[in-house]
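Colleague: Quick one: this structure, given as structure tokens, is what I'll be asking you about.
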Amino acid sequence: MRSSVLAAALALGATWCVRAEEPSPPITVVSPKPQGIIATGINSGGDVIGFEWIEEEEHPGVVAQVPFFARGDAITYLPLLEGYTATFPAAVSDGGLVVGRVSKPMTPGVRTPLLNQGFVWDEGRGIRGLGALEGDYSSFATGVSSDGGRISGFSVGENRVRACVWNLEGETWIGTALPHEDQLGSNVVAISDDGKSVAATDGVFGCLWTEDEAGSWTRTVISESGGLIPRAVNNSGMVVGLTSAGDGLPHAVVWTRDGGYERLAEPEGYLRSEASDVNNRGVVVGMMDGPAGSDIGPDPFVYEDGALRRIDEGGPMFSSASAINDRGQVAGILESDDF
């Protein structure tokens with residue numbers, strides 16, 4: 001979510017929309033720096049996680065993507081877990097618990113245990129690994145509830161990839177597989193702020209898992225084959241993401257319990273789009289792009305109350321919106337003139 005400034009509004013020809021009791025707050029772009037940032041998550045307080053483009057001192061001209069946690073303009077760079085060489089933050093709780101994955105080099109022809117491993121990090125306790133589900137050999141953490149008590153992600157084993165959640169019990173994270181009909185078919189397992197809804201692709205079908213009061217999970221198919229690859233879900237169970245069905249290009253889509261599945265048509269000149277996040281007011285953000293080699297896009301968009309427009313608030317360097325909170329604060333990619 002370049003330099004072109006284009007504002008477009010599009011009324012979606014559908015019979016539903018998600019409205020809050022009060023008007024949504026205005027969109028505000030939040031970033032610890034005005035450029036050179038790839039944000040991957042934001043919490044309710046406006047803390048941002050992601051990567052900063054930093055030129056390596058020992059290799060002039062070589063730019064590294066350095067993972068960070070930022071509160072305002074104060075940046076804390078995330079450490080490596082012992083034995084690992086890369087850290088990839090994916091989401092952050094309201095209390096500042098960062099989750100994601102760590103990775104290490106592989107040896108060709110040899111299976112490396114926990115080659116990728118889900119992690120948690122906070123300022124007080126540092127970085128810790130989540131391990132994998134019993135019998136599996138890798139894990140990925142992709143989301144976290146607002147209170148930091150539940151993490152979503154997936155676990156990889158022999159001929160299986162399973163969406164799962166980790167629950168904090170005392171000082172220990174306990175992983176549980178969600179019910180599947182097939183293997184996980186997406187690389188994001190999204191979780192709602194309240195931790196009660198999870199969305200991902202089971203095989204080729206977009207699915208929503210919901211937890212009942214007894215703690216049991218129910219799987220519901222919410223799209224046809226290839227119709228919805230979930231990227232986010234809110235507390236009402238509204239799921240947003242993208243579809244690759246039809247013309248072979250990705251297009252932003254939303255699903256609600258009342259209105260079902262809808263594709264968000266791009267403004268004139270744009271050919272593809274992806275919805276990245278949705279807040280609890282039903283405001284959706286993402287990225288839209290024009291033809292390859294053209295001056296159109298990539299640009300960030302916001303969709304609310306049945307209208308889609310380009311986000312101009314972040315300036316010309318803001319090229320993609322990846323996350324939004326209930327205060328209307330948006331984080332994403334702010335490009336750099338230097339790289």
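Colleague: Is it the case that some residue within segment 190-208 is small (Gly, Ala, Ser) and touching a Lys or Arg at 6+ places or on another chain (Cβ under 7 Å)?
Modeller: Yes, segment 190-208 contains a residue that is small (Gly, Ala, Ser) and touching a Lys or Arg at 6+ places or on another chain (Cβ under 7 Å).
Colleague: Can you pull out every residue in segment 276-298 that is over 20 Å from residue 247 (Cβ atoms) and under 22 Å from the mean Cα position of the chain (by Cα)?
Modeller: 276, 277, 278, 279, 280, 281, 282, 283, 284, 285 - these are the residues of segment 276-298 that are over 20 Å from residue 247 (Cβ atoms) and under 22 Å from the mean Cα position of the chain (by Cα).
Colleague: Inside segment 273-289, can you point out the residues that are part of a loop (DSSP other than H, G, I, E, B) and either open to solvent by 50 Å² or more (accessible area, probe 1.4 Å) or at pLDDT below 95 (or both)?
Modeller: Selection gives 280, 281.
Colleague: Select from segment 139-163 the residues that are under 19 Å from residue 106 (Cα atoms) and open to solvent by less than 10 Å² (accessible area, probe 1.4 Å) and list them in ascending order.
Modeller: Of everything in segment 139-163, those that are under 19 Å from residue 106 (Cα atoms) and open to solvent by less than 10 Å² (accessible area, probe 1.4 Å) turn out to be 139, 155, 157.
Colleague: Identify all residues within segment 225-248 that are open to solvent by 10 Å² or more (accessible area, probe 1.4 Å), in contact with a His (Cβ under 9 Å, 6 or more places away or on another chain) and not in a loop (DSSP other than H, G, I, E, B); write none if there are none.
Modeller: Selection gives 242 alone.
Colleague: Answer yes or no as to whether residue 206 is under 18 Å from the mean Cα position of the chain (by Cα), within 20 Å of residue 259 (Cβ to Cβ) and modelled with pLDDT of 95 or more. Can you show your working first?
Modeller: Numbers: under 18 Å from the mean Cα position of the chain (by Cα): yes; within 20 Å of residue 259 (Cβ to Cβ): yes; modelled with pLDDT of 95 or more: yes.
Taking the combined requirement at face value, the residue satisfies it.
Results for (1) of a type outside the set (Val, Ile, Thr); (2) buried (at least 24 other Cβ atoms within 10 Å of the Cβ); (3) touching a strand residue (DSSP E or B) at 6+ places or on another chain (Cβ under 6 Å); (4) within 19 Å of residue 43 (Cβ to Cβ), shown as yes or no for each residue.
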| position | (1), (2), (3), (4) |
| --- | --- |
| 268 | yes, no, no, no |
| 271 | yes, no, no, no |
| 292 | yes, no, no, no |
| 295 | yes, no, no, no |
| 298 | yes, no, yes, no |
| 301 | yes, yes, yes, no |
| 332 | yes, yes, yes, yes |
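The values are calculated or read from the model by the stated rules, or taken from the named source; none is laboratory data. Quantities reported herein were computed from a predicted structural model and do not represent experimental measurements. For neighbour counting, all protein chains shown are included, and Cβ atoms are generated from backbone atoms with ideal geometry for every residue, glycine included. All accessible areas refer to the heavy atoms of the entire protein, side chains included, with ligands and DNA or RNA removed. Shrake-Rupley method; radii C 1.70, N 1.55, O 1.52, S 1.80 Å.
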